[in-house]
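**Student:** Below you will find the structure I want to go over with you.
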There are 4 protein chains.
Amino acid sequence: MLNIGIIGAGRIGKVHTQSIVNYVRTAKVTAIADPFITDETKAWAEGLGAKVSLDYLDIINDPAIDAVLICSSSDTHSRISLEAIAAGKHVFCEKPIDLDVDRINAVLEALKAKPELKFTVGFNRRFDHNFRAIRNAVVSGAIGKVELVKVTSRDPAPPSAEYAASSGGIFMDMTIHDFDMVRYLSGEEVESVFVQPAILVDPAIGEAGDFDSAVVTMKLSSGALAVIDNSRRCAYGYDQRAEVFGSEGAAASANDAASNVVISGAQGCTGEKPLYFFLERYMQSFATEVEEFIDAVVNDTPVPVDAQAGLAAVLIGIAATQSAKTGLPVKVG
Amino acid sequence: MLNIGIIGAGRIGKVHTQSIVNYVRTAKVTAIADPFITDETKAWAEGLGAKVSLDYLDIINDPAIDAVLICSSSDTHSRISLEAIAAGKHVFCEKPIDLDVDRINAVLEALKAKPELKFTVGFNRRFDHNFRAIRNAVVSGAIGKVELVKVTSRDPAPPSAEYAASSGGIFMDMTIHDFDMVRYLSGEEVESVFVQPAILVDPAIGEAGDFDSAVVTMKLSSGALAVIDNSRRCAYGYDQRAEVFGSEGAAASANDAASNVVISGAQGCTGEKPLYFFLERYMQSFATEVEEFIDAVVNDTPVPVDAQAGLAAVLIGIAATQSAKTGLPVKVG
Amino acid sequence: MLNIGIIGAGRIGKVHTQSIVNYVRTAKVTAIADPFITDETKAWAEGLGAKVSLDYLDIINDPAIDAVLICSSSDTHSRISLEAIAAGKHVFCEKPIDLDVDRINAVLEALKAKPELKFTVGFNRRFDHNFRAIRNAVVSGAIGKVELVKVTSRDPAPPSAEYAASSGGIFMDMTIHDFDMVRYLSGEEVESVFVQPAILVDPAIGEAGDFDSAVVTMKLSSGALAVIDNSRRCAYGYDQRAEVFGSEGAAASANDAASNVVISGAQGCTGEKPLYFFLERYMQSFATEVEEFIDAVVNDTPVPVDAQAGLAAVLIGIAATQSAKTGLPVKVG
Amino acid sequence: MLNIGIIGAGRIGKVHTQSIVNYVRTAKVTAIADPFITDETKAWAEGLGAKVSLDYLDIINDPAIDAVLICSSSDTHSRISLEAIAAGKHVFCEKPIDLDVDRINAVLEALKAKPELKFTVGFNRRFDHNFRAIRNAVVSGAIGKVELVKVTSRDPAPPSAEYAASSGGIFMDMTIHDFDMVRYLSGEEVESVFVQPAILVDPAIGEAGDFDSAVVTMKLSSGALAVIDNSRRCAYGYDQRAEVFGSEGAAASANDAASNVVISGAQGCTGEKPLYFFLERYMQSFATEVEEFIDAVVNDTPVPVDAQAGLAAVLIGIAATQSAKTGLPVKVG
């Protein structure tokens, strides 16, 4: 039985904890740390039989803990990762590892010295049933050689301008998931990127120095193409689709809705809107990513998403940010 | 070049004429007869180079006419068919040949004496792209042995009670197309029928002695099952679907709409309603049925829908009418 | 905190237990009884902190238990229900309560004497996201007055002839869920039923005195119609669809698949087959039905599916069985 | 009755002629000219009652001809347009008017001098039922302010390298339709364009100096974005889709197939591939564009696609070609 420590008991920390409790028979959440933990969360954590602490170092320093899930604020991810690796813990680190490449590289270096440790980064969408089915179609050869990857990713509602300003920008905060999806679906590296950005949703986001809409085109290592379209606001909910086109065909996913019922009447034939909230849309993927991380630790098999994936997505994000600023295509890395 | 005479220049007579003009290179409409022809229709007919007459016997008696399309009122179909056969014309007869079995049999007898003549009955839906694709799937073996045929057939708006009363009833007037569809899709005969009728749309239809809604179940010659659901009114248009379920799978069609565009917004994801009017929905099938009839004449090959099909559908309709009255299952024929 | 006892630790007993553990914060499984419990199941139960017993009477007689879930073999449902009611327990009883109407009525009588007790029967499909969305459309008035309910229900693979013979027959074993669905979707009672049965899948099922295919038509209390088509074998998986047609439109559901990905290639455009196994297809509904039962107990609100629903479905099943034998329509009850 | 002359009796010339014969009551094809006319085509033309000539000047110089359809080889379009305008004919010119901007401008100048003449360019896809339904949704305000236009356009099979070399390149030959579609759907001008081209289908096309795959991003006059993805080869047929995303929602079209039948079986649930050939896919649009051109002439109303549209698409194509060569974004015009 693996002993897991949860660092950060906010929304995503709770989701992961609950996934382990509900679905994982080989691991147990034995400690939860959060400096701002509420009474309610404390009671919930203790109800699960976990020790509760304000200081995550209580987890890092606990020799009984085998693995940690780093769910704290983004700016602490790389530091806590380094401390956890130093303490010999397996690490599940929420994305991004860091926005700074040097600090991500420090984590990669630390891992080289401890090859027995598993480290994964939380690109949960790779575990989504639809995107995985597309990837499986690619791997199976059903669509031939990959020629084009398309990702549509639209948030239901825009963040505040303050959030946008502090988030590292749309490409580091939002598109980073889509960059990883392009790498995942194609199995290739992104070589160059061109961004056509726009401010169409909220001028305040523009005033804060960020964008709220973009089309991002990419050249992949095989010569294949990729394109992402993003918007920070979507009137019909959370729009999350992908398509891979290849020499023998294409695999494409649609959105998920709460039901597939269609109501036909004088107004037309109306189906439900896509699931609105990312925790609804991707709930199953969050559970699967934690399950597969723990499986990798227990069975000493490769993690599904390694630290390199965390670096690669950030490097693309940096190039995209630069392209948006310069209006020119930019090579990655 | 086949010379065609059109008997009856109402809506469907015009549709067939236009199909020949537009799509058929091997035939020419040389005469059109209608006792109630309007000036406008007369001008249209003459514009096509056709002789116009008030008396259909001018067509029957014209030795230059090779084939006639009988598009006159239903109660004249069998009589004119007999006259046309006697005059040595090939016949395309709109459905039904007659509501009276003896009179249909008289036509079949007349045809036996003239095996060189082609005779077809206008079950146009057999020529519809969707239903034909289902039939092709059945014939190809793709769905294995047929076990169940399902037909959904709902009119956009109910007829007047007067029409209902004089039409021979819903099973002879409306369901007769669906009975033929069951025979077509399955390639089997209907052995018995049970009707669960209802008056849900317009009480006046009930007062006129007819029904406006029904579920009809059938046993087919192989032991397979069939079911039709009918309504005389459908809020979202003309609902025309079919499904055949077999030992190896199923083939099912959806409705056709004017476009496949989906508009997603706060209200949901809305596609267009099905095409509302039977002439829109089945326009292509009307053209194909006439083309294939003329091909059969020109090439001396079997007609796609023979007179026997006209008899069979009426026999099922008679059994269905009786079942609706008695509340009991009824054997066909 | 409600204390729950699980009677019967087979497949469905485990599913319900796990649902409570994973999703219900207001209840705890404190005891599990099964005369044939395996070592593995025993270890699992004890791991959940439940007392394990071979004798369900240990649960019935335990004053600390507030509610029981009866997941034992079907022939014990009514007897254990009566004992549990006598002991003052709330009861979640798997379907059917009994195949014998007198014994179901005994349970209803016992409940009349204890109006403070909640009793529900496990028609889980009412809690399915798709069917519930149809029901919501009906209740909202979006489709007007109900005129026709259609249910398609096809199992992926047939049972053995032995099972068929001992199950009470297809109408009591399989169609009973669909009868309940007709009642649920329409909000009406079934007044009469006509069955067109067939043996198309496995002759041995016929030799055992049962059927493997059927079309069932029904007249509902408002005069509306209903139709169910069943097959014991479906080449493409578990086919579970419904449609309600009304005066203002229709609401229809499609099957659920593991993903919505479509692979387009030389073969066509291919989506995944429906989920094959009922526990996959209906897993979410099993969780919701247990949650809502416990909510009803905790909040003293009406249960979503009452004992009367268990009786009604059996009465329709009995009428259907008789119709299949006689070939005639049969009034229900 | 408008007298029409057809210049060029190749594939598209025949399609337009047939559309006029079949669907247009206000016009008559009275002359057809083609220097390479076959005996078969000559017989067909004469069968329609048209004068046949080898020299298109016979049409230009015929005072009885009101309008001409220029369906000759692309390099003759602007010259014949100028001659027809000079002769006072209304002109339907197949796309492109020319690949040279000066020569297009010469046509625009000539038209300024004869404002009574109608001139249209054959961007037939604007008349397609699906794309028009999207445009209607935009115009109606149903999706709010346009933020992104997406066009997917994939040919079923690549041209020869020789064709590619002489066609003006993929952006002038193929994408030009999609550029017009972006302008049509958005109602905006394209301000700048960036092309990410690739040679993924046929290296010979690359050796001929052209590309066979591309992602093209555009900035529109309102600040909105657009993206086109092209491939010269698509294993599942002719892929022609569009989507417009706006502040209030999105409108998206799917492909058209010969039927909507889905065959479900062990292999999955398979629908038909999109229509393979552009004449099948766009047949209805070809008829509608000719009808609406003739309506504009007859009623003296604006043509649906004016000469300016022909220029605009070429200017975007030129910018795209330059972007593909330089790897940089390029301003249009």
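Every read-out reported here was derived from the displayed coordinates using simple, explicitly stated rules and does not represent laboratory data. The structure displayed is predicted, hence computed values, not measured ones. For neighbour counting, all protein chains shown are included, and Cβ atoms are generated from backbone atoms with ideal geometry for every residue, glycine included.
**Student:** Taking a point 7 Å out from Cα toward Cβ as the label site, list the nm distances between A:Y276 and the same residue in every other copy, smallest first.
**Tutor:** Label-point separations across copies, in nm and ascending: 3.3, 3.8, 4.7.
**Student:** Can you give the average number of partner chain beta-carbon atoms within 10 Å of each beta-carbon in peptide C:19-27, as a whole number?
**Tutor:** Working: counts 0, 0, 2, 4, 2, 0, 2, 0, 0.
That average works out to 1.
**Student:** Could you compute Rg(Cα) / (2.2 N^0.38 Å) for segment A:158-239, with N its residue count? Don't skip to the end; give the middle numbers.
**Tutor:** Details: Rg = 13.4 Å, N = 82, 2.2 N^0.38 = 11.7 Å.
Taking N as the residue count of segment A:158-239, the ratio is 1.14.
**Student:** For segment D:109-171, report the convex hull volume of the alpha-carbon atoms normalised per residue, in Å³, without decimals. Each step should come with its number before you reach the end.
**Tutor:** Values: hull volume 11.8 nm³, N = 63.
In segment D:109-171, the Cα convex hull volume per residue is 187 Å³.
**Student:** Same structure, new question: With bins 10 Å wide starting at 0, give me the P(r) of chain D over every alpha carbon pair, in whole percents.
**Tutor:** 6, 24, 32, 26, 10, 1, 0
**Student:** Still on this structure: Nearest 10 degrees, 0 to 90: what angle lies between the long axis of helix B:11-23 and the longest principal axis of chain B (Cα atoms)?
**Tutor:** 70 degrees
**Student:** Which percentage, to the nearest 5, of the DSSP beta bridges contained in segment A:114-243 is antiparallel?
**Tutor:** Values: 20 of 27 bridges.
Here the share of antiparallel DSSP bridges comes out near 75 percent.
**Student:** When the chain is fully extended, how far beyond the present Cα-Cα distance does A:E191 get from A:N22, taking 0.36 nm per residue of separation?
**Tutor:** Details: separation 169, 0.36 × 169 = 60.84 nm, distance 4.06 nm.
Difference between extended and current length: 56.8 nm.
**Student:** If you plug each phi of segment A:250-264 into the Karplus form 6.51 cos²θ - 1.76 cosθ + 1.60 with θ = phi - 60°, what whole-Hz ³J(HN,Hα) values come out, in order, with x for Gly and Pro?
**Tutor:** Result, ordered by residue: 9, 10, 9, 10, 10, 6, 9, 10, 5, 8, 9, 5, 10, 9, 9 Hz.
**Student:** Okay, next question. Take the Cα pairs of segment B:22-89, get the Kirkwood Rh, then feed it into Stokes-Einstein at 20 °C and 1.002 mPa s and tell me D in µm²/s.
**Tutor:** Roughly 169 µm²/s, to the nearest whole number.
**Student:** If you don't mind, there's one more thing I want to ask. Please find the FRET efficiency linking D:D295 to B:D295, where r is the Cβ-Cβ separation and R0 is fixed at 30 Å, and quote it to the nearest 0.05.
**Tutor:** Values: r = 34 Å, r/R0 = 1.14.
Efficiency, from the Cβ-Cβ distance: 0.30.
**Student:** Would you tell me which residue of chain B has the beta carbon closest to the rotation axis bringing chain B onto chain A, and how many whole Å away it is?
**Tutor:** For chain B, the closest residue to the axis carrying it onto A is B:T270, 2.
**Student:** Still on this structure: Roughly speaking, what is the centre-to-centre gap between segment A:137-206 and segment C:126-179 when only Cα atoms are used, to the nearest Å?
**Tutor:** Comparing the Cα centres of segment A:137-206 and segment C:126-179, I get a distance of 43 Å.
**Student:** Also, I was wondering about something else. With labels modelled as points extended 7 Å from the Cα through the Cβ direction, what inter-label distance (nm, one decimal) is found for A:S160 paired with D:K331?
**Tutor:** Placing both labels 7 Å beyond Cα along the Cβ direction yields 3.9 nm.
**Student:** With 5 Å bins from zero, work out the P(r) of segment C:1-59 over every alpha carbon pair and list the percent per bin.
**Tutor:** 5, 21, 35, 27, 10, 3
**Student:** Looking at chain B, identify the longest residue range that excludes and avoids all trypsin sites (Lys or Arg not before Pro) in DSSP loops having at most 13 other Cβ atoms within 10 Å. Each step should come with its number before you reach the end.
**Tutor:** Working: sites that count: B:R25, B:K145.
The longest uninterrupted stretch comes out as B:146-333.
**Student:** If exposed chymotrypsin sites (Phe, Trp or Tyr not before Pro) are those in a DSSP loop with at most 14 other Cβ within 10 Å, what is the longest stretch of chain C that has none? Walk me through the numbers before you get to the answer.
**Tutor:** Values: sites that count: C:F36, C:F277.
Of all site-free stretches, the longest is C:37-276.
**Student:** Pairs C:K118/C:K150; A:K51/C:K51; B:K14/D:K14; B:K42/D:K28; C:K273/C:K331: which exceed 29 Å Cα-Cα? All intermediate terms of the calculation are to be shown ahead of the outcome.
**Tutor:** Working: C:K118/C:K150 31 Å; A:K51/C:K51 26 Å; B:K14/D:K14 25 Å; B:K42/D:K28 20 Å; C:K273/C:K331 38 Å.
As for pairs spanning more than 29 Å Cα to Cα, those are C:K118/C:K150; C:K273/C:K331.
**Student:** Efficiency by 1/(1 + (r/R0)^6): what FRET value for B:F277 and A:A266, r their Cβ-Cβ distance, R0 = 22 Å, to the nearest 0.05? Before the final figure, lay out each step's value.
**Tutor:** Working: r = 16 Å, r/R0 = 0.72.
It comes to 0.90.
**Student:** With the radius of gyration and the Kirkwood radius both derived from the Cα set of segment C:95-228, what is their ratio Rg to Rh?
**Tutor:** Working: Rg = 16.7 Å, Rh = 16.7 Å.
Answer for segment C:95-228: 1.00.
**Student:** A further question on this structure: For a quick size check, give me the Cα extents of segment A:203-275 along its three principal axes, largest first, whole Å.
**Tutor:** Ordered largest first, segment A:203-275 gives principal extents of 47, 45, 20 Å.
**Student:** I want to verify a result. In a Gaussian network model of chain C, Cα cutoff 10 Å, which of these has the top mean-square fluctuation: C:G249, C:G209, C:G268?
**Tutor:** Sorting by GNM fluctuation, first place goes to C:G268.
**Student:** Using just the Cα positions, wrap segment D:16-145 in a convex hull and report its mean projected area in square nanometres, one decimal place.
**Tutor:** On the way: hull surface 40.8 nm².
Answer in nm², one decimal: 10.2.
**Student:** Could you give each residue of segment A:127-132 its phi-based ³J(HN,Hα) in whole Hz, using Karplus coefficients 6.51, -1.76, 1.60 with θ = phi - 60°, and x for Gly or Pro?
**Tutor:** Listing the rounded values in order: 9, 5, 4, 6, 5, 5 Hz.
**Student:** Separation between the A:A64 and A:F36 pseudo-spin-labels, each 7 Å from Cα along Cα→Cβ, expressed in nm?
**Tutor:** Each label point is offset 7 Å from its Cα along the Cβ direction, giving 2.9 nm.
**Student:** Let me ask something else about it. Which residues in segment D:247-271 have a backbone N closer than 12 Å to a point placed 7 Å from the Cα of A:S140 along the Cα-to-Cβ line?
**Tutor:** The answer is D:267-269, whose backbone nitrogens lie closer than 12 Å to the label point.
**Student:** For A:P35, place a label point 7 Å from Cα along the Cα-to-Cβ direction in every copy; what are the distances to the other copies, in nm, shortest first?
**Tutor:** Going from nearest to farthest copy, the values are 6.2, 8.4, 9.9 nm.
**Student:** Select from A:M283, A:M172, A:M181 the residue whose mean-square fluctuation is largest in a Gaussian network model of chain A (Cα-Cα springs shorter than 10 Å).
**Tutor:** A:M283
**Student:** What is the percent of Cα-Cα separations in segment B:170-217 that go past 18 Å? Please list the in-between numbers first.
**Tutor:** Details: 388 of 1128 pairs.
Beyond 18 Å sits 34 percent of the P(r) for segment B:170-217.
**Student:** Compute, for chain A, the length of the dipole vector about the Cα centre, with Cβ point charges of +1 (Lys, Arg) and -1 (Asp, Glu) only. Units Debye, rounded to 20. Before the final figure, lay out each step's value.
**Tutor:** Working: 29 positive and 43 negative charges, 110 e Å.
The dipole of chain A has a size of about 540 debye.
**Student:** When the helices in chain B are scored as -39500 (n - 2.57) per DSSP H run of 4 or longer and the sum is shared across all residues, what 222 nm value do you end up with, to the nearest 500 deg cm²/dmol?
**Tutor:** On the way: 13 runs with 128 residues, N = 333.
Helix-only estimate at 222 nm: -11000 deg cm²/dmol.
**Student:** Among bridges DSSP assigns within chain C, what percent are antiparallel (round to 5)?
**Tutor:** Working: 34 of 61 bridges.
Roughly 55 percent of the beta bridges in chain C run antiparallel, per DSSP.
**Student:** Now for a separate question. For D:K145, give me every one of the lysines with a C-alpha distance below 19 angstrom, ignoring sequence neighbours fewer than eight places off in its own chain.
**Tutor:** Result set, ordered by chain and number: D:K219.
**Student:** Given label points at 7 Å from Cα along Cα→Cβ, what nm distances, shortest first, separate A:S221 from the same residue in every other copy?
**Tutor:** A:S221 label point versus its equivalents elsewhere: 4.5, 6.4, 6.7 nm.
**Student:** How high is the FRET efficiency between C:L48 and A:L54 when r is their beta carbon distance and R₀ equals 25 Å, given to the nearest 0.05?
**Tutor:** On the way: r = 31 Å, r/R0 = 1.23.
My answer for the efficiency is 0.20.
**Student:** In bins 10 Å wide, starting from 0, what share of all Cα pairs of segment D:234-333 does each bin hold, as a percent?
**Tutor:** Per 10 Å bin, starting at 0, the Cα pair percentages come out as 12, 20, 34, 24, 9, 1.
**Student:** Can you give me the C-alpha center-to-center distance between segment D:261-333 and segment B:54-70, rounded to a whole angstrom?
**Tutor:** 47 Å
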